[in-house]
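The values are calculated or read from the model by the stated rules, or taken from the named source; none is laboratory data. From a predicted model like this one, the values you see are computed outputs, not experimental measurements. Note: ideal-geometry Cβ built from the backbone for every residue, glycine included; neighbour counts use all protein chains shown. The protein model used for the area step is the full one, side chains on, heavy atoms only, and it has no ligands, DNA or RNA in it. Shrake-Rupley method; radii C 1.70, N 1.55, O 1.52, S 1.80 Å.
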Amino acid sequence: MTTSSEPTGPLKGIRVLDASTILAGPLVAQILGDFGADVVKIEHPTRPDGMRGHGLEKDGQPLWWKMLSRNKKTLTLHLGSEEGAEIFKKLVVDADVVIENFRPGTFEKWGLGYDVLSKLNPGLIMLRVTGFGQSGPYSKRPAFGTLVESMSGFAHLTGSADGPPTLPAFGLADSIAGVAGSSAVSMALFNRTRNAGKGQVIDLDLLSPIMTAVGPGIIYADQLGIDQKRSGNRSSNNSPRNLYLTSDDHWLAISTSANSIAERVLELVGHPEVIAEPWFATGRERAKHADLLDRYVGDWIRARTRDEVIAAFEAAGAAVAPVYKPSDLLTDPQVESIGMTTTVDDADLGPMRMQNVMWRMSETPGNIRHTGRAHGADTADILHDLGFDEAGIAALHARNVV
């Protein structure tokens, strides 16, 4: 088991209030918690975070929640009530980071804008996650990852050349924004140490990170007046680059972004003559001859099993990888060797495998201390720390403040 009770990462001692919901904000908080931050997940007393109802469950327990909310304490608090807002302010006094993803103006309506909170805690860092940012004509629009995956150019570029735009089968935009948000918070914490302890607001929209991930489409449109087109599993940047079927009906991915790799692949599949062609010298020009190169590579792979192809590519120093199902990752020797997945003991379901912390740090490694907890599991303990007694907590429950 990798479960341990004490944080070990570089953010040990940092307090995070996670008042966000599906999905980017909670992922930011998960990453910060993985690397040592003390995270308090805040949910409405009667309307839990919708992530509890996303994905599959086992024995009534939401499995995605177990991973996304690991290392977080759970507190129920009605931020929109006057009493709830006052309790939140008390929490902010000792917090380092607040994460929220309500529509712009909501926290201000509750009297919890940064102008108010920063007076209580000048070092506070507030990450505000929205679909389109805190200002501008779209700022008040409701937005989910699907919408920005469509707007970013991702859907336009994804799918078969003669097929419709294609959306991802998972929360791609939110996940990219979550990783980006953890980076932004880390930068703000670092800046605070060099700026007399002064905090700041981070305005993170979902669209910007995935626009960056999609690549150079904007600069192509600006400088060349062209929009990239869908190319299926091929690439306009290099060839051979595709998925190829083996004799035992497994799919393998080949990429030749480096010219030297492309040369090794064509030598391996028995067509070294094309290496001398002038067009073979760059990935961009090779992509124009993808039909030919795909035929050479595809025919060679189709005549061999997956294991035979992988062994031959490895021996030749060429790049290849199988198309995995998630279950394949559970038995992959590289994933196992460096601990990309780990086993965590869950109070409800026992041992469960999940993705490990996302990077390995030699001096301050992250760790997983517990899985996602029940709705409001830590409410009483947190309120006790703020000075509330049992009677006071019972009264708050009776008024649906917590």
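Here is the figure for the range 122-152: residues that are open to solvent by 20 Å² or more (accessible area, probe 1.4 Å) and under 22 Å from the mean Cα position of the chain (by Cα) total 9. Can you tell me which residues in the range 306-333 are open to solvent by 40 Å² or more (accessible area, probe 1.4 Å), part of a loop (DSSP other than H, G, I, E, B) and more than 27 Å from Arg353 (Cβ to Cβ)? Within the range 306-333, just Ala319 meets the criteria. Close Cβ contacts (under 8 Å, 6 or more residues apart or on different chains) running from residues in the range 21-41 that are under 24 Å from Val148 (Cβ atoms) and of a type in the set (Gly, Ala, Ser) to residues that are open to solvent by 10 Å² or more (accessible area, probe 1.4 Å) and assigned to a helix (DSSP H, G or I) comprise Ala24/Asp174; Ala24/Ser175.
Scanning the range 190-229 for residues that are open to solvent by 40 Å² or more (accessible area, probe 1.4 Å) and of a type in the set (Asp, Glu) turns up Asp203, Asp222, Asp227. Scanning the range 1-35 for residues that are among the small types (Gly, Ala, Ser) and either closer than 17 Å to Asn121 by Cβ or crowded, with 22+ Cβ neighbours inside 10 Å (or both) turns up Gly13, Ala19, Ser20, Ala24, Gly25, Ala29, Gly33. Taking the range 111-120, which residues are among the hydrophobic types (A, V, I, L, M, F, W, C) and under 29 Å from the mean Cα position of the chain (by Cα)? Of everything in the range 111-120, those that are among the hydrophobic types (A, V, I, L, M, F, W, C) and under 29 Å from the mean Cα position of the chain (by Cα) turn out to be Leu112, Leu117. State yes or no: is Ala347 of a type in the set (Gly, Ala, Ser), under 24 Å from Gly60 (Cβ atoms) and open to solvent by 70 Å² or more (accessible area, probe 1.4 Å)? So Ala347 fits the description; yes. In this structure, Thr166 does not qualify as among the β-branched types (Val, Ile, Thr), open to solvent by 80 Å² or more (accessible area, probe 1.4 Å), closer than 24 Å to Arg234 by Cα and within 20 Å of the chain's Cα centre (by Cα). Find the residue count for the range 360-372, including only residues that are open to solvent by 30 Å² or more (accessible area, probe 1.4 Å) and in contact with a Phe, Trp or Tyr (Cβ under 9 Å, 6 or more places away or on another chain). Final tally of qualifying residues: 3.
Residue-wise test of (1) part of a helix (DSSP H, G or I); (2) touching a Ser or Thr at 6+ places or on another chain (Cβ under 7 Å).
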position: Thr343; (1), (2): no, yes
position: Met354; (1), (2): no, yes
position: Glu363; (1), (2): no, no
position: Arg373; (1), (2): no, yes
position: Gly376; (1), (2): no, yes
position: Ile382; (1), (2): yes, no
position: Gly387; (1), (2): no, no
position: Leu396; (1), (2): yes, no
position: Val401; (1), (2): no, yes
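With respect to the conditions (1) open to solvent by 70 Å² or more (accessible area, probe 1.4 Å); (2) part of a strand (DSSP E or B), Met187 lacks only one, and its number is (2). Scanning the range 189-202 turns up one or more residues that are closer than 30 Å to Val98 by Cα, aromatic (Phe, Trp, Tyr) and free of Cβ contacts under 8 Å to residues at least 12 places away in the same chain. Take the conditions (1) closer than 30 Å to Gly217 by Cα; (2) of a type in the set (D, E, K, R); (3) without any contact (Cβ under 8 Å) to a residue 24 or more places away in the chain; Lys119 misses just one of them, which is (1). Within the range 255-265, not a single residue is open to solvent by less than 50 Å² (accessible area, probe 1.4 Å), modelled with pLDDT of 95 or more and part of a strand (DSSP E or B).
Annotation note: of Val201, Val179, the sole residue that is in a helix (DSSP H, G or I) and in contact with a helix residue (DSSP H, G or I) (Cβ under 8 Å, 6 or more places away or on another chain) is Val179.
Put simply, of Ser236, Ser247 the only residue that is modelled with pLDDT under 95, outside any helix (DSSP H, G or I) and small (Gly, Ala, Ser) is Ser236. Suppose the filter is among the hydroxyl-bearing types (Ser, Thr, Tyr) and in contact with a Pro (Cβ under 9 Å, 6 or more places away or on another chain); does Thr343 pass it? Yes.
Looking across the range 247-269 at every residue that is under 11 Å from Arg286 (Cβ atoms) and not aliphatic (A, V, I, L, M), the one that is farthest from the chain's Cα centre (by Cα) is identified as Glu263. The residues of the range 36-72 that are of a type in the set (Asp, Glu) and either buried (at least 24 other Cβ atoms within 10 Å of the Cβ) or at negative phi (or both), listed by number, are Asp38, Glu43, Asp49, Glu57.
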